[in-house]
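Here the structure is laid out as structure tokens; the discussion comes afterwards.
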Ligand SMILES: Nc1ncnc2c1ncn2[C@@H]1O[C@H](COP(=O)(O)OP(=O)(O)OP(=O)(O)O)[C@@H](O)[C@H]1O
Ligand SMILES: C[C@H](N)[C@H](N)CCCCCC(=O)O
Ligand SMILES: [Mg+2]
């Protein structure tokens, strides 16, 4: 699998038909952003809540594996407010595991062609499951979905021992596929030496967003965090 991934390096024709993300009928100002992370439980949903609020966006979680009664879409509704539009997940599975495995447990196979960007005029925040190399099936990874959707990425990084390696590998994978890293999100506090190494390995056009550690995540603290964000371009 990894061989196949590496073989795609410098290969412009990867076999996937990219989606036309902005049909003529849609708002030309619309912002679409795919929020991924350097792993699972890294804060993608927390950061997506802040971004959804900041950009007055809709939200879409293409694959929800497990926690169906406390899904990421439900958390976004709780934190951002009842008015936020959360588009239905394309796949929902009972088992909290890698999506390829959650699907297998239900005798299903995720098909990349089933994913269609929800039709909306609003900005749209899309949240992946886990990190870039999380398998969707035996052939495709989360990064393949991002490439197919053909939209820029926000990469969420959280501090832990090992986060430098996971961050730089994620950045490398995005570079190999020529996927635009629009934002690097530093989620929580970082030792300056870790932050420096991660930040010196992004392209100059990648913008950095800092989201603080939030003591208690509530609609109020999400709103305050959004208000305190530096202007995001
Ligand atoms: N900035 C933050 N401040 C406080 N807690 C945070 C912050 N970011 C993440 N957390 C906590 O870390 C845990 C994981 O966060 P979250 O659910 O957003 O991760 P995730 O990357 O979306 O996970 P998944 O891969 O399951 O979608 C949660 O308990 C969340 O409250
Ligand atoms: C269930 C969990 N919360 C995520 N939705 C899926 C994480 C998959 C991680 C797979 C892996 O990297 O080994
Ligand atoms: Mg999440």
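Ranked by the mean number of other Cβ atoms within 10 Å of their residues, highest first, the peptides 197-203, 166-172, 214-220 come out as 166-172, 197-203, 214-220.
Suppose the chain between residue 229 and residue 74 were pulled fully straight at 0.36 nm per residue; how much longer would it get relative to their current alpha carbon spacing?
Contour length minus Cα-Cα distance gives 53.5 nm.
Each DSSP beta bridge with both residues in the stretch 31-228 is either parallel or antiparallel, and the antiparallel ones are about 5%. Largest GNM mean-square fluctuation across 187, 107, 27, computed for the chain with C-alpha springs under 10 Å, falls on 107.
Taking packing as the residue-averaged number of other Cβ atoms within 10 angstrom, the listed peptides 46-53, 81-88 run from highest to lowest as 46-53, 81-88. Counting every C-alpha pair in the stretch 31-228, the share spaced more than 26 angstrom apart comes to 29%.
In whole angstrom, note down how far apart the Cα centers of the stretch 72-144 and the stretch 163-208 are. If we compute the Cα centre of each part, the gap is 23 Å. Extension gain for residue 83 to residue 217 (0.36 nm times residue separation, less C-alpha to C-alpha distance): 46.4 nm. Every helix of 4 or more DSSP H residues in the chain counts as -39500 (n - 2.57), and over all residues that averages to -9000 deg cm²/dmol at 222 nm. The gain in end-to-end length when the residue 40 to residue 92 segment is fully stretched comes to 17.0 nm, 0.36 nm per residue minus the alpha carbon separation.
Read-outs throughout are calculated quantities, based only on the coordinates presented, and are distinct from any laboratory measurement. In this text the structure is predicted, and so the values were computed from the model without any measurement. Positions of Cβ are generated from backbone atoms using ideal geometry, with glycine treated the same way; all protein chains shown enter the neighbour counts.
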